[in-house]
Each structure stands twice: as structure tokens, then as C-alpha cells.
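Structure record follows, encoded as C-alpha cells.
The values are calculated or read from the model by the stated rules, or taken from the named source; none is laboratory data. This structure is a prediction, so every number in the text was calculated from the model and none was measured. In this analysis, Cβ positions are derived from the backbone assuming ideal geometry, glycine residues included, and neighbour counts consider all displayed protein chains.
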């Protein structure tokens, strides 16, 4: 006798909003992915990168906006992909409202934690590429590397160390000198 397939529950954005205060999770195609609290190193890296990018935008009178997690990114119009990248740079202000970014940010940075490795290296890479993110950085403090995906130009990923200077592809004149960051 054939067994009847068991249907698993598919979650929605309402389920994300119903989580207890302080909980962090992402929603991808009906599945909730809980996020563990970030480490101190993770937060220091995120803070330094955010401050560097914000300073550049402010000093150059830029029109882009930089946001640090928790910040909602709704990759699809149907709200089936709700993510909270560590850092998001959005240059199209029409994508922004009080709830977050609706559509692909121009540049996303994810800082790898032990529990986010597969998500950052594979799942999110695919989602961000498909959604039209122009540039994606994966900062891996454990491996001491940064992977830079210039998706706008469909270039092969570049690999850097945490001591390198990295040119930001979405800007003509921004380089981040990792050796000068305080983390």
C-alpha cells in the first residue's frame, strides 16, 4: 500500500512577524531559517564595514544608503524571500520604505558565522545572483578570507585576505583597506 505524502507546513511573512521579540529569522520559499546571535568578532567586522561605507557615502555626497542588520530585504514581490543581510547598500531610493528594501540591494555583505556557512556561501549567493544584486561579499573571519562576487559583470569570484585592500565594484573610487579596520 502506498503511503500518502506528508505535507510540511509552509511559512509566510506573517509567521516571521509573529516571532517573539528579539528573534531573528529569514524566510525562503516557505521555510524559516532561525539565526543565532552574532559573535563579538562578527559584530565588530560589521560595525567597521558599515562605518567605512557610511563615511564614504557621506563624504562623497552619495545617493546610496547603507543599512546594517537587522534590516529587512524582500527579494521578491511576493514576499517569499525575506532576508536580513549583515550589510546592504541600496542606491535606488524607490526600493526603500519603513519596512526595509523591496527588491535587490546593489551591494550585500554577509559575515560568516559557524552556523551560517552553507547559507552564506551557497543559498544566499544563488538567491542574490538571481534577484539582481550587483555585488556580493562574503567575509569569513574563520578562514580569514573575503570572497568578492562582481555579479553585475558576471566575473569569477575574487579571493582576498583580511589584510588586503579591496576595490568596491559598484563605486569608481571606493577601496576598503581591511588592514586598517579595527576588529
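For the reader, a short list of remarks on this structure follows.
- Subset of segment 1-20 [assigned to a loop (DSSP other than H, G, I, E, B) and modelled with pLDDT of 90 or more]: 10, 11, 12, 18, 19, 20
- Residue within segment 87-103 that is surrounded by 19 or more Cβ atoms within 10 Å (Cβ to Cβ), under 20 Å from residue 27 (Cβ atoms) and either modelled with pLDDT under 95 or out of contact with any strand residue (DSSP E or B) (no Cβ under 9 Å at 6 or more places or on another chain) (or both) present: no
- For the criterion of being in a loop (DSSP other than H, G, I, E, B), surrounded by 14 or more Cβ atoms within 10 Å (Cβ to Cβ) and within 17 Å of the chain's Cα centre (by Cα), residue 70 fails.
- Filter result for residue 109 (assigned to a strand (DSSP E or B), modelled with pLDDT of 95 or more and over 11 Å from the mean Cα position of the chain (by Cα)): no
- Meets criteria (buried (at least 16 other Cβ atoms within 10 Å of the Cβ) and closer than 18 Å to residue 113 by Cα) for residue 49: yes
- Of everything listed in (1) under 14 Å from residue 157 (Cβ atoms); (2) assigned to a loop (DSSP other than H, G, I, E, B); (3) in contact (Cβ under 8 Å) with a residue 60 or more places away in the chain, the single unmet condition for residue 139 is (2).
- Selection count where residues are surrounded by fewer than 16 Cβ atoms within 10 Å (Cβ to Cβ) and in a strand (DSSP E or B), scope segment 148-165: 4
Residue-wise test of (1) closer than 22 Å to residue 29 by Cα; (2) assigned to a loop (DSSP other than H, G, I, E, B).
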position	(1), (2)
105	yes, yes
121	yes, no
146	no, no
176	no, no
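- Search result, residues across segment 172-183 that are out of contact with any strand residue (DSSP E or B) (no Cβ under 9 Å at 6 or more places or on another chain), in contact (Cβ under 8 Å) with a residue 12 or more places away in the chain and either farther than 20 Å from residue 48 by Cβ or surrounded by 14 or more Cβ atoms within 10 Å (Cβ to Cβ) (or both): 181, 183
- Filter result (closer than 24 Å to residue 80 by Cα, touching a strand residue (DSSP E or B) at 6+ places or on another chain (Cβ under 9 Å) and without any contact (Cβ under 8 Å) to a residue 40 or more places away in the chain) within segment 24-64: 25, 32, 34
- Segment 68-92, residues that are without any contact (Cβ under 8 Å) to a residue 60 or more places away in the chain and under 16 Å from residue 34 (Cα atoms): 69, 70, 71, 72, 73, 80, 81, 83, 85, 86
- Residue in segment 22-34 that is in a loop (DSSP other than H, G, I, E, B) and surrounded by fewer than 10 Cβ atoms within 10 Å (Cβ to Cβ) present: yes
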